[in-house]
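Have a look at the structure below, then the notes.
The values are calculated or read from the model by the stated rules, or taken from the named source; none is laboratory data. From a predicted model like this one, the values you see are computed outputs, not experimental measurements. Backbone-built Cβ (ideal geometry, glycine too); neighbour counts: all protein chains shown. For the accessible areas, the whole protein counts, side chains as well, though only heavy atoms, and no ligand, DNA or RNA atoms are used. Shrake-Rupley method; radii C 1.70, N 1.55, O 1.52, S 1.80 Å.
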Amino acid sequence: MEQYAVILPLIGAIIAGFFGRVIGDRAAQFVTCAFMLVAAFISIGIFREMSAGGETLHVPLFTWIQSGTLDVAWGLRFDTLSAVMLVVVNIVSAAVHIYSVGYMSHDKCKARFMAYLSLFTFAMLMLVTADNVLQMFFGWEGVGLASYLLIGFWNHKHSANAAAVKAFIVNRVGDFGLILGVMTLFAIFGTLDFDAIFFDAENAAHAMFVFMGYDIHALSLACGLLFIGAMGKSAQLGLHTWLPDAMEGPTPVSALIHAATMVTAGVFLVARMSPLFEYAPAVQEFITVVGALTALIAATIALTQFDIKRVIAYSTMSQLGYMFFALGVSAYGAAIFHLFTHAFFKALLFLGAGSVIHAMSDEQDMRNMGGIWKKIPVTYAVMWIGSLALAGIPWFAGYFSKDLILEAAFAAHSSVGTFAFWCGIIAAFLTAFYSWRLLFMTFHGQPRADEKVMAHIHESPSVMRLPLYVLAAGSLFAGSIFAGRFVGEGRMEFWRESLFVLPANDTIEAAHHAPHWVALLPVGIATAGIVLSYLFYMVARTLPHSFATAFPAIHRLLFNKWYFDEIYDAVFVRTAHKLGYALWKGGDEMIIDRLGPDGVAKTMSVTGEKVADVETGYVYHYAFAMLVGVAVLTGLYFYKVYG
């Protein structure tokens, strides 16, 4: 029964993708949505079973690879960690599928879109239920392929095609690290099976590799390479530039990819491999620093963006930074808890933004919005709920998970933990500020759209509102209901063997004994961010322009996203273009073609022309040539005989 939670989305994708034209768009939508709902309910049942103390379940399917000592079976692994991910992926995906029925109602390729959504969901489910590293890599690459198809779904737009290619290429950079990490794991353990690797992790804690005369800690190398893969998929600083451009896809794609599924794959990877990362403290410190910087820098960029979806995208990147520095300080349960709550309120914000875009006739620039909250009250209300959860205001879902991450970072009592704590505090202030900036610019103030657009504004249809209600409920109650299980006193019984923490690294336990001000500071700082945003965008509306004018260099830096794209273009893109041009002109044309095909062809052409000159058509020329030939042959004969 459990395997149907994974297989049903694949069946829906096959039916909609290959038979969509036969059964029609409406039937394709019904089939994919129905299968996703069934998968979601099965996932809830699996989660309840695991929460009640169910043992890890292995469902073997078939033998995949047998080559020498490499023996890889295809099977499904159901434990608490995978059960949490199943609930997140299938519930959010079901909501997105249903929402898409209304949002994509005017699109010409509805069946294809639904097939891509279900295919993406299946790939993500294969990733989180994999029973070995290679099978997880299959799901990992499947997610990358499906995201390429979804981001570039509107392939008549050059920007969508470019964004899809960019996402694919940047993720391949990270995936190269992941491939090397998988190879390193096989070199260390001789197997890719999770149970065998985790069982032998402690014995391999001191294993070393000799590389170019240097001794390298084996697990640190493996974990470092795995984290590079996680950086690409989860848009951590350095490999994040694909994420905002991916907003070129339809809004349901943004909700599915950037809220609950693809971008959380890296978080899941590190959590799944926690028995290894616990023995690689240097890598953990690196993860903490990268996560902290990601949370902070993404939040600063979101302050200056005007595209409503890009603001939420950078918010996603920032929240992923929180999850990663939680992983870095060994607060794995807190990271997954934030992944769990974040999925609801971030999907809610993306789908709420989709309702705004739908109402505003596809307008995404917040500078062209304003004064619409009375026209779309349901969307306005759910955007408030999502923003309150994102800012960590009591007692919304984000309050329970994000604040615990900050407390765990503080309780780590390490230099990187303290650094992450203060980066997280500043990011919490900025998060509240830009979230309410979005609300005020979008819904309040004087209308800035033209009269035709304002007259068209209306609330989304019921098929789009229903998923908003479900996600709003999760944003309200997911934190308070599940905090005790995920990170409370019952966490050890809840997670059991699916997460591993060395007793000396139990920062979640230490977080419960952190000073009282540590728990109060995030709430106070978030409240200050909301108040300041109200002052800037509702009371003294000239302040944003005044600040941008007073600090032009800082504003340009943030508005241009810290110039990451420009730097990468100068260092990598243009360099690669120049190198390719040089190899084309200098290597291919001047050497290979000149001495090879072109040279041979030219030689034959010149030879043919010379031969053609001899063929004049005059008899006496041919007679003369014959006499010369006879003379030459006669001379050669006498030379051989008498010479």
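For the subset of segment 205-221 comprising residues that are within 14 Å of Tyr279 (Cβ to Cβ), of a type outside the set (Gly, Ala, Ser) and outside any strand (DSSP E or B), which member is farthest from the chain's Cα centre (by Cα)? If we take residues in segment 205-221 being within 14 Å of Tyr279 (Cβ to Cβ), of a type outside the set (Gly, Ala, Ser) and outside any strand (DSSP E or B), then His206 is farthest from the chain's Cα centre (by Cα).
Could you grab me the full set of residues in segment 353-362 that are assigned to a loop (DSSP other than H, G, I, E, B) and buried (at least 18 other Cβ atoms within 10 Å of the Cβ)? The one that is assigned to a loop (DSSP other than H, G, I, E, B) and buried (at least 18 other Cβ atoms within 10 Å of the Cβ): Met360.
Rundown of residues vs (1) open to solvent by less than 10 Å² (accessible area, probe 1.4 Å); (2) at pLDDT below 95; (3) touching a Gly at 6+ places or on another chain (Cβ under 9 Å); (4) among the hydroxyl-bearing types (Ser, Thr, Tyr), yes/no style:
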{"residue": "Thr418", "(1), (2), (3), (4)": "no, no, no, yes"}
{"residue": "Phe433", "(1), (2), (3), (4)": "no, no, yes, no"}
{"residue": "His444", "(1), (2), (3), (4)": "no, yes, yes, no"}
{"residue": "Leu476", "(1), (2), (3), (4)": "no, no, no, no"}
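The condition of being touching a His at 6+ places or on another chain (Cβ under 7 Å) and either open to solvent by 10 Å² or more (accessible area, probe 1.4 Å) or modelled with pLDDT of 95 or more (or both) holds for only one of Tyr380, Tyr322, that being Tyr322. Each residue in segment 30-44 was checked for being in contact with a Phe, Trp or Tyr (Cβ under 9 Å, 6 or more places away or on another chain) and either of a type in the set (D, E, K, R) or under 15 Å from Cys109 (Cα atoms) (or both), and 0 of them qualify. Looking across segment 363-374, the residues that are in a loop (DSSP other than H, G, I, E, B), in contact (Cβ under 8 Å) with a residue 24 or more places away in the chain and within 15 Å of Phe440 (Cα to Cα) come down to Gln364, Met369, Gly370, Gly371, Ile372, Trp373. Please find, within segment 82-115, the residue that is least open to solvent (accessible area, probe 1.4 Å) out of those that are aromatic (Phe, Trp, Tyr) and either farther than 13 Å from Gly12 by Cβ or under 16 Å from the mean Cα position of the chain (by Cα) (or both). Per the criteria, the residue is Tyr99.
Please determine whether any residue of segment 376-392 is in a loop (DSSP other than H, G, I, E, B), touching a residue at least 60 places away in the same chain (Cβ under 8 Å) and within 26 Å of Ser234 (Cβ to Cβ). Please lay out each step first, then the result.
Within segment 376-392, the first condition is being in a loop (DSSP other than H, G, I, E, B), and the residues that meet it are 376, 392.
If we keep only those that are touching a residue at least 60 places away in the same chain (Cβ under 8 Å) too, we end up with 376, 392.
The next check asks that each one be within 26 Å of Ser234 (Cβ to Cβ); those that pass are 392.
Yes, because at least one residue in segment 376-392 is in a loop (DSSP other than H, G, I, E, B), touching a residue at least 60 places away in the same chain (Cβ under 8 Å) and within 26 Å of Ser234 (Cβ to Cβ).
Tell me which residues, restricted to segment 327-347, are part of a helix (DSSP H, G or I), over 18 Å from the mean Cα position of the chain (by Cα) and more than 18 Å from Val128 (Cβ to Cβ). Across segment 327-347, the qualifying residues are Gly328, Ala334. Among the numbered conditions (1) closer than 23 Å to Gly474 by Cβ; (2) touching an Asp or Glu at 6+ places or on another chain (Cβ under 7 Å); (3) open to solvent by 10 Å² or more (accessible area, probe 1.4 Å), the only one that Leu57 does not meet is (1). Only one entry of Gly232, Gly224 meets the criterion of being surrounded by fewer than 24 Cβ atoms within 10 Å (Cβ to Cβ), in a helix (DSSP H, G or I) and of a type outside the set (A, V, I, L, M, F, W, C), and that entry is Gly224. Each residue in segment 534-548 was checked for being under 16 Å from Met366 (Cα atoms), part of a helix (DSSP H, G or I) and out of contact with any helix residue (DSSP H, G or I) (no Cβ under 7 Å at 6 or more places or on another chain), and 1 pass.
Being surrounded by 15 or more Cβ atoms within 10 Å (Cβ to Cβ), farther than 17 Å from Leu430 by Cα, among the β-branched types (Val, Ile, Thr) and touching a residue at least 12 places away in the same chain (Cβ under 8 Å) is the requirement here; does Val518 meet it? It is true that Val518 is surrounded by 15 or more Cβ atoms within 10 Å (Cβ to Cβ), farther than 17 Å from Leu430 by Cα, among the β-branched types (Val, Ile, Thr) and touching a residue at least 12 places away in the same chain (Cβ under 8 Å). Here Glu202 clears all of (1) part of a loop (DSSP other than H, G, I, E, B); (2) within 18 Å of His240 (Cα to Cα); (3) of a type in the set (D, E, K, R) except the condition numbered (2). Could you list all residues from segment 595-635 that are basic (Lys, Arg) and either surrounded by 10 or more Cβ atoms within 10 Å (Cβ to Cβ) or touching a Leu at 6+ places or on another chain (Cβ under 6 Å) (or both)? Answer for segment 595-635, where residues must be basic (Lys, Arg) and either surrounded by 10 or more Cβ atoms within 10 Å (Cβ to Cβ) or touching a Leu at 6+ places or on another chain (Cβ under 6 Å) (or both): just Lys602. Listed conditions (1) over 30 Å from Glu363 (Cβ atoms); (2) in contact with an Asp or Glu (Cβ under 9 Å, 6 or more places away or on another chain); (3) modelled with pLDDT under 95 are all met by Gly213, apart from (2). If you filter segment 173-188 down to residues that are touching a Phe, Trp or Tyr at 6+ places or on another chain (Cβ under 9 Å) and without any contact (Cβ under 8 Å) to a residue 40 or more places away in the chain, you find that the one that is most open to solvent (accessible area, probe 1.4 Å) is Ala187. Scanning segment 419-478 for residues that are over 25 Å from the mean Cα position of the chain (by Cα), part of a helix (DSSP H, G or I) and of a type in the set (S, T, N, Q) turns up Thr442, Ser462. Remark: pairs (first residue in segment 161-172, within 13 Å of Leu150 (Cβ to Cβ); second residue among the charged types (D, E, K, R) and open to solvent by less than 50 Å² (accessible area, probe 1.4 Å); Cβ separation under 6 Å; 6+ apart in sequence or on different chains) = Ala163/Asp245; Ala163/Glu248. Residues in segment 124-151 that are open to solvent by 10 Å² or more (accessible area, probe 1.4 Å) and within 23 Å of Asp245 (Cα to Cα): Glu141, Gly142, Leu145, Tyr148, Leu149.
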